[in-house]
Amino acid sequence: MNSTASNNTIRCGPEYVITVVFPCLYSVVFLVALALNSLAAWVFFNIPSNSTFVVYLKNMVVADILMTLTIPVKVLYYAGVSPLDLCVAYCRYSTKVFYLSMYTSIAFLGLISLDRYLSIVWPFGEYAVQKVRVGQALSAAVWLVLSSLAIANIVLTNKPPPRLVVAGELKCGSLMSEHGLVVLDKNIFSPTVLHMFFLLMYCVQVVFWCTLALMVVCYSFISRTVYKSYKASMSSSSEAACRKIKAKVFVVVVVFFVCFAPFHIYLVPYILTQTRNTASRGCREKITMHNADYTTVWLSTTNACLDPLIYVFLCKKFRARLVATLTCKALPP
């Protein structure tokens, strides 16, 4: 979102928050995410894909690694020290890969929620959606659909940079082609130009809200099942351990709402304000909106650091392999 919004850079106040604070925050996320996801990828490399749950987790690792690799370019762009060619690459490709990985992670969180719902609420049933080949097909479909949207956004950012522009002053909005502009009715929006980028952001919002609806349904039933188990066996230590395992599944909800809810809750009003005349807004309002935009995007990036919690808490095979890797011991039969 802020790759396009940066075309309206705040000129009425200091920009050290964007050029100093956020590069530092992103650098911390990059180091942590790189270490955690490199380890996670190595562990999953040694785990066979014999369940849909493992298939979805492996795809999440791939999405997190893609997101992590976009962070250094983002840091250089925000700090204003990247060369012009790198700035163009950031606007044209890096931001698209970032959003691709974000919405891919969101989609797989939804699929994981469905898988956990079937495993906890209906543990004795066998469903087609839990077959490994079906999980692989769903994973491929997620990547295909979201990659198509990312490619469409890249096509809309094929304009060469303005003449005589320096790297530190290049704004991503200046690379949007004329085909990426939609003229709207003056009675609806002012000004009348709304970029296709915003329309694509509305499209991918469907991924978030559908995933949210799916998670609400799944975890409502999971909560009821865990509560019934708690009431039925309060004195049994074995059942207490089972309840503890079931309760860990809610880490998916925590990661989802911490990382992605602020971005999408703020996204719609932000886009609407960007399509209206900004001249009447005060300096304080502009700075507040701009910083809130960057903050919600940064929170989405922390997903690459929090997803390993899901692997550790929910995947017994991952946890066992991780312990064996860290302690340099062989796994028991």
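Here are the numbers:
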item	result
Qualifying residues in segment 105-155 (those that are more than 23 Å from the chain's Cα centre (by Cα) and among the basic types (Lys, Arg)) - the one surrounded by the most Cβ atoms within 10 Å (Cβ to Cβ)	Lys131
Matching option when the condition is outside any loop (DSSP other than H, G, I, E, B), touching a residue at least 40 places away in the same chain (Cβ under 8 Å), surrounded by fewer than 22 Cβ atoms within 10 Å (Cβ to Cβ) and among the small types (Gly, Ala, Ser), among Ser27, Ser38	Ser27
Residue identified as surrounded by fewer than 23 Cβ atoms within 10 Å (Cβ to Cβ) and not hydrophobic (A, V, I, L, M, F, W, C) among Tyr93, Tyr77	Tyr93
Residue selected from segment 111-133 under the condition of a type in the set (Phe, Trp, Tyr) and part of a loop (DSSP other than H, G, I, E, B), by the criterion nearest to Tyr227 (Cα to Cα)	Trp122
Complete set of residues in segment 302-320 that are crowded, with 19+ Cβ neighbours inside 10 Å and either more than 20 Å from Val28 (Cβ to Cβ) or out of contact with any Cys (no Cβ under 8 Å at 6 or more places or on another chain) (or both)	Ala304, Cys305, Asp307, Pro308, Ile310, Tyr311, Leu314, Cys315, Lys317, Phe318
Qualifying residue in segment 128-151 (condition: of a type in the set (Lys, Arg) and within 22 Å of Asp64 (Cα to Cα))	no
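Residues are listed down the side, and each one gets a yes or a no for (1) among the β-branched types (Val, Ile, Thr); (2) within 19 Å of the chain's Cα centre (by Cα); (3) under 20 Å from Asn291 (Cβ atoms); (4) modelled with pLDDT under 90:
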residue: Asn7; (1), (2), (3), (4): no, no, yes, yes
residue: Val28; (1), (2), (3), (4): yes, yes, yes, no
residue: Leu34; (1), (2), (3), (4): no, yes, no, no
residue: Leu39; (1), (2), (3), (4): no, no, no, no
residue: Leu57; (1), (2), (3), (4): no, yes, no, no
residue: Ile71; (1), (2), (3), (4): yes, yes, yes, no
residue: Lys74; (1), (2), (3), (4): no, yes, yes, no
residue: Pro83; (1), (2), (3), (4): no, no, no, yes
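The values are calculated or read from the model by the stated rules, or taken from the named source; none is laboratory data. If you're wondering where the values come from, they're calculated on a predicted model, not measured in any experiment. When we count neighbours, we look across all protein chains shown, and the Cβ atoms used for this are built from the backbone with ideal geometry, even at glycine.
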